[in-house]
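For reference, the structure discussed in these notes is given below.
A short reminder: the numbers here are calculations on the coordinates, not readings from a lab. If you're wondering where the values come from, they're calculated on a predicted model, not measured in any experiment. Counting neighbours? That spans all protein chains shown, and the Cβs are built from the backbone with ideal geometry, glycine included.
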Amino acid sequence: MTTRFPPPPPTPGATPLAVRLRELVAQAPDAPLASDGDTVHTRAGFDARTNQLARAFADRGVAHGDLVSIALPNTVRHLECSVAAWKLGAVPQPLSARLPAPERDAVLEIARPAIVVDTDPPDPAGYDDGPLPDVVGPSWKAPTSGGSTGRPKLIVAGQAACVEQVLARVDGLRIDRDGVLLCTAPLHHNAPYMFSLMALLQGHHVVLMQRFDAARTLSLIGEHGVTWLYVVPTMMGRMLRLPAADWASADLGSLRTVLHVGAPCPPQVKRGWLERVGPETVLEIYAGTESQAGTAIDGREWLAHPGSVGRVTRGRITVRDDDFRELPPGRTGEIWMRPDGPPTYHYLGATARQRDGWESLGDMGSFDADGYLLLADRRADMILVGGANVYPAEVEAALLAHPEVHDAVVVGLPDEDYGRIVHAVVQADPASGLADRLREHMAALLGPQKLPRSYEFVDQPLRDDAGKVRRSAFAP
């Protein structure tokens, strides 16, 4: 049985997203709207093609309130499918095109979409490319969880598919009108998916990288005059390790915003970017896909509050201990959130962790005396070593401060004496003899209980292109 959401409550003055697209076409029909290195669509061409694709979807049973699962690589066709779904009042649901069959089946069992668009998408050729009746869908997106538990769930956005709700946050994200956005990460992750679609509705030329490449990212900025760059800390670190000649030849003058999100950013990586593009250009945000609340911080603030992810900019955030008592500044506890208004999402396939109207995504952190939030790690990732809490993110940041370390993932291993001990999986040259130098380096930065007792050296990437890692893959 297909999942079908009821229509949203009437919103006086709500502008359907298709109307916004037609306005962009009227303003500059031949301006580029989306490209992926192989295909370029103008505003007029994209609008016409998504009208055709929407009718092709309708012929295959897609109706208002249905989910449309999109399992495509990072191409313009991915964006087309989302907009075509909006034009029918359906809800686009991105998922990875590389999921193994059992994981994909588990997601689709929860989603129960009207259609799955994958390796054999519908051919819109021959369908009418004129406007469809204007509708407002019940939700504008329903991504899968970006968490590390491995249990699939969908996070259905609480915002209806109308301009007023989808673009309510563009000012805080600095997605202004008629810029150029470079999307470096897979669209099945919420952040690059959300930012790309918001930018498209703002008239940006959305440039999709089909696969992240550090040197190519630098060259694309100058080639397209990119004004808004999305990156995650893993990408930022890879780009900083490029030869100096690559940076010297890069034309970064068009950049107005470099936004990063998705994982804690090692301080030396952050500082490297602040030096190269200017602190006023770098913006970091912290929020879950659930979007109950969030923080933001620019580079200037970060230099005054290093390590912070910013002050609360929407919703409410509190830090609590295990007995749900609010903790004072400087004390680490679990981060709880709540929106200021109506619910910002609902789950399919999961139940929120709630207490007294607050919700937790499992992150740990603390506020400083000025109200700036600092992240520690996820509760599920915390390692209890002889009764002491060790947060992998702190250990990983120390490892990444060593110039020979490309990446690191820290997990806990069973130990008869301590209960758990810290184990580090390090991406570096396995033949470099790094172990002894790394132990000396770590001993100068961390206390004894936080030091890795064992190291494993690998030469392959530890995280995906969106900076995500599933720690369970590295621990028994």
Taking Rh as the Kirkwood radius computed over alpha-carbon pairs of the range 316-402 and applying Stokes-Einstein at 20 °C with viscosity 1.002 mPa s, one gets a diffusion coefficient in µm² s⁻¹ of 149
How large are Rg and Dmax for the range 235-352 when only the alpha carbon atoms are used, in Å?
-> 17.5, 55
Rounded to the nearest 5, what % of the DSSP beta bridges within the range 234-327 are antiparallel ones?
-> 75
In whole Å, what are the Cα extents of the range 382-474 along the three principal axes, biggest one first?
-> 33, 28, 20
Dipole magnitude (debye, nearest 20) for the range 201-254, charges at Cβ of Lys, Arg, Asp, Glu | 200
Could you pull out every residue, at least 5 positions away or on a different chain, whose amide H is within less than 5 Å of the one on D251? Hs are placed 1.01 Å off N in the peptide plane, and Pro or chain starts have none.
-> G222
Quick calc, T2 & V40: beta-carbon distance into FRET formula, R0 35 Å, rounding 0.05, result 0.55
Among Q427, V390, L438, which residue has its Cα positioned farthest towards the positive end of the charge dipole of the range 382-474, with +1 placed on the Cβ of Lys and Arg, -1 on the Cβ of Asp and Glu, and the dipole taken about the Cα centre?
-> V390
Whole-number value, in Å³ per residue, for the convex hull of the alpha carbons of the range 17-156 is 114
All other residues with a Cβ under 14 Å from the Cβ of W302 taken together, and with Lys, Arg as +1 and Asp, Glu as -1, what is their net charge?
-> -3
If one takes the longest principal axis of the Cα atoms in the chain, at what angle in degrees, from 0 to 90 and to the nearest 10, does the Cα axis of helix 214-224 lie?
-> 40
Qualifying trypsin sites (Lys or Arg not before Pro) in the range 396-476, DSSP loop, other Cβ atoms within 10 Å at most 16 | R453, R470
In this model, which of K153/K468; K87/K153; K270/K468 are farther than 23 Å apart at the alpha-carbon?
-> K87/K153
Of (1) 51; (2) 21; (3) 25, which one was derived for percent of Cα pairs over 38 Å apart from the structure shown?
-> (3)
